[in-house]
Amino acid sequence: MYILEARNITKSFPGVLALKDVDVSFRPGKVHGIIGENGAGKSTLVKILTGVYQPDKGEILIEGEKVLERSKSFEKLAYVPQELDLFLHMTVAENLFMPFPKAGIKGVIRKEKLYQAAQPWLEEFVIDARPSDLVKNISVSNQQLLQIARALVDQRCQVLIFDEPTTSLTLHDTERLFEIIRRLKTENKAIIFISHKLDELFKICDEVTVLRNGEKVGYAEINEVDKKWIIEKMSGRNIDEKKGFRPQKKTNEVILKVKNLSGRGFSDISFQLRKGEILGFSGLVGAGRSEIMQTIFGFLPARSGEVELGGKRWKMGDTSFSVRNGLFYLPEERKQQGILPLLSVRQNIGISLIDQITNGLFISEKTEKNLVKKVIATYNIRTPSPEKQIMYLSGGNQQKTIIGRVMSCRPRVLIFDEPTKGIDVGTKTDIYQLMRVLAEEKGIGIILISSDLEEIFQCANRIITIYEGKKVGEFETEKTEKSTILGSIIGDSIKSDMERML
């Protein structure tokens, strides 16, 4: 018997058919993967399954009963969103049991008792925090684990929906999550697992449903299909996942030189970036990769060291100096730091075109619109209109918009920090291809920070490994095995355990 069913679900928004006649069913004790490119309808389906949206047509059944008119039935479902949804200025314990009635807590409860009740949950999920800690003071990976634990506090829950749950998790935390999911299977819970990471789907899922352009285009038991089948179903085109994206026209000309750089969370970092190459930075979450690049760009202060761009000594701690001289940092948290969410696509791109669209004191709207249209076409940004608020675009198209905006400023060095985080396989390929073109045809030096070893190996000519704030290795990708990089970023003593997780 199915515990949750969606029958003939159709949902439209102004100008968009988000879902069309989608049928999908979920069984107790099974992990059901949902996959599709950004814009395929996954988010809309989840919101209908959880009662947030009403479908235009179709039915939702829980344990065989129609529930669209009975909101209490949705209490049997718990949703763990991709984006962190915690109260940062409240304690870990308060977040864990929020809202209190749902967690079975009635009336007033003393903090000491609340902290005592929270401790077993923190231990079970290996959350490195005290119940009394403010959530804003714990790491992102621990915040993610806390969010997952919160979903399980409600004992009424029979169906758990995980939306990209491993985005901010380390390899160790990911394996711990998978152990928890396997335990939930033995408790006969139904798990809906949404992910863009194919390796994760094949490792944890029992079955998979593929969506494309709002329609269900495939279903299979996971042991009956391979990656190629899933990729072709979700994209509607042949994609060779093994194809490399390393630039082939790199030179020996050094464009960026970093010498003995030390700052917040890292020390004594030295490296050189060549014109037209992609240089990968690999390491665990918290190793210091982002801090190094944010210091070079000027977000964070440097304690010591030197940086040169094109032989020119760098002015540290000044982001405007970096931008004027052609060095740009594309942040990991694109929604918080990379885009202006309330503005349109045109406005997000146009802010970089001021010098090209102004004539004295006036802005030429015609020139702006023409240049923006050119950027949208060049970088294949999928948007119904340049006037569409960028917050409503998929993550991949937001990323392309950021790249298009930056390219309007004629950069010499681009630093990509986790550029494909939360992006589907097909759009990832677009981003990889775009980075290669920028390096090969524009001669741009690219630094790629990624926690995805496969991504690093596909794209980078060289790889630098960071461990606990220090540079521990530098490798030519073509001459290096993944196990070597893995051992470098986590320590050889636990390499064999980590290899088992991949």
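Within the range 242-285, restricting attention to residues that are of a type in the set (Asp, Glu) and surrounded by fewer than 22 Cβ atoms within 10 Å (Cβ to Cβ), which residue is modelled with the highest pLDDT? Walk me through how you get there before you give the answer.
At the first step, the residues of the range 242-285 found to be of a type in the set (Asp, Glu) are 253, 268, 277.
Keeping just the survivors that are surrounded by fewer than 22 Cβ atoms within 10 Å (Cβ to Cβ) gives 253, 268.
Details: Glu253: 93, Asp268: 96.
Restricting to residues being of a type in the set (Asp, Glu) and surrounded by fewer than 22 Cβ atoms within 10 Å (Cβ to Cβ), the top hit is Asp268.
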Taking the condition assigned to a strand (DSSP E or B) and in contact (Cβ under 8 Å) with a residue 24 or more places away in the chain, does Val46 pass?
no
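Would you please name the residue that is surrounded by the fewest Cβ atoms within 10 Å (Cβ to Cβ), looking only at residues in the range 12-49 that are of a type in the set (Gly, Ala, Ser) and out of contact with any strand residue (DSSP E or B) (no Cβ under 7 Å at 6 or more places or on another chain)? First the steps, then the outcome.
In the first step, residues of the range 12-49 are kept if they are of a type in the set (Gly, Ala, Ser); the result is 12, 15, 18, 25, 29, 33, 36, 39-41, 43.
Checking the rest, the ones that are also out of contact with any strand residue (DSSP E or B) (no Cβ under 7 Å at 6 or more places or on another chain) come to 15, 29, 39, 43.
Details: Gly15: 8, Gly29: 14, Gly39: 22, Ser43: 19.
For the range 12-49, the residue satisfying everything is Gly15.
Just to be sure before I move on: is Arg410 surrounded by fewer than 16 Cβ atoms within 10 Å (Cβ to Cβ) and in contact (Cβ under 8 Å) with a residue 24 or more places away in the chain in the structure I sent?
Working: surrounded by fewer than 16 Cβ atoms within 10 Å (Cβ to Cβ): yes; in contact (Cβ under 8 Å) with a residue 24 or more places away in the chain: yes.
Against the criterion (surrounded by fewer than 16 Cβ atoms within 10 Å (Cβ to Cβ) and in contact (Cβ under 8 Å) with a residue 24 or more places away in the chain), Arg410 qualifies.
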Taking the range 104-133 and keeping residues farther than 25 Å from Ser290 by Cα, in contact (Cβ under 8 Å) with a residue 40 or more places away in the chain and crowded, with 16+ Cβ neighbours inside 10 Å leaves Phe125, Pro131
Every residue from the range 299-333 that is β-branched (Val, Ile, Thr) and either exposed (fewer than 14 other Cβ atoms within 10 Å of the Cβ) or farther than 24 Å from Gly469 by Cβ (or both):
Val323
Out of the range 467-486, which residues are among the small types (Gly, Ala, Ser) and either touching a Pro at 6+ places or on another chain (Cβ under 9 Å) or closer than 17 Å to Gly288 by Cα (or both)?
Gly469, Gly473
Hey, Ile292 hits all of (1) part of a helix (DSSP H, G or I); (2) among the aliphatic types (A, V, I, L, M); (3) over 24 Å from Asn461 (Cα atoms) but one; which does it fall short on?
(3)
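Looking only at residues in the range 249-265 that are outside any strand (DSSP E or B) and polar (S, T, N, Q), which one is nearest to Leu438 (Cα to Cα)?
Applying the first criterion (outside any strand (DSSP E or B)) to the range 249-265 yields 249-253, 264-265.
Then keep just the ones that are polar (S, T, N, Q); that gives 251-252.
On the way: Thr251: 14, Asn252: 17 Å.
Result: Thr251.
Picking from Ile222, Ile194, which residue would you name as being buried (at least 20 other Cβ atoms within 10 Å of the Cβ), touching a residue at least 60 places away in the same chain (Cβ under 8 Å) and closer than 30 Å to Arg382 by Cβ? Spell out how you get there, then give the answer.
Details: Ile222 fails: buried (at least 20 other Cβ atoms within 10 Å of the Cβ).
Result: Ile194 is the single residue among Ile222, Ile194 that is buried (at least 20 other Cβ atoms within 10 Å of the Cβ), touching a residue at least 60 places away in the same chain (Cβ under 8 Å) and closer than 30 Å to Arg382 by Cβ.
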Go over the candidates Ile60, Ile9 one by one and state the one that is crowded, with 19+ Cβ neighbours inside 10 Å and either outside the structural domain of Pro165 (by TED's automatic domain parsing) or closer than 27 Å to Ile180 by Cβ (or both).
Ile60
How many residues does the range 419-477 contain that are touching a residue at least 60 places away in the same chain (Cβ under 8 Å), out of contact with any helix residue (DSSP H, G or I) (no Cβ under 7 Å at 6 or more places or on another chain), surrounded by fewer than 20 Cβ atoms within 10 Å (Cβ to Cβ) and part of a strand (DSSP E or B)?
2
If I ask for residues that are in a helix (DSSP H, G or I), over 13 Å from Ala93 (Cα atoms) and under 21 Å from the mean Cα position of the chain (by Cα), which ones from the range 146-168 would you list?
Ile148, Ala151
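Quick one: would you say Gly288 is modelled with pLDDT of 90 or more and within 29 Å of the chain's Cα centre (by Cα)? Don't jump to the end; show me each part of the working.
Numbers: modelled with pLDDT of 90 or more: yes; within 29 Å of the chain's Cα centre (by Cα): yes.
Here the answer is yes, as Gly288 does meet what is asked.
With within 26 Å of Ile192 (Cβ to Cβ), over 24 Å from the mean Cα position of the chain (by Cα) and either of a type in the set (A, V, I, L, M, F, W, C) or at pLDDT 85 or above (or both) as the only criterion, which of Leu84, Leu122 stands out? Before you say what the answer is, go through the steps one by one.
Working: Leu84 fails: over 24 Å from the mean Cα position of the chain (by Cα).
Only one candidate passes the filter, namely Leu122.
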Taking the conditions exactly as written (exposed (fewer than 15 other Cβ atoms within 10 Å of the Cβ) and at pLDDT below 85), does Lys136 satisfy them or not?
no
Flag for Val208 being surrounded by fewer than 21 Cβ atoms within 10 Å (Cβ to Cβ), at pLDDT 90 or above and among the aliphatic types (A, V, I, L, M):
no
Options Leu152, Leu184, Leu84: the member that is of a type in the set (A, V, I, L, M, F, W, C), free of Cβ contacts under 8 Å to residues at least 40 places away in the same chain and within 30 Å of Ile48 (Cβ to Cβ)
Leu184
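The values are calculated or read from the model by the stated rules, or taken from the named source; none is laboratory data. These numbers were taken from a predicted model, which means no experiment stands behind them. When we count neighbours, we look across all protein chains shown, and the Cβ atoms used for this are built from the backbone with ideal geometry, even at glycine.
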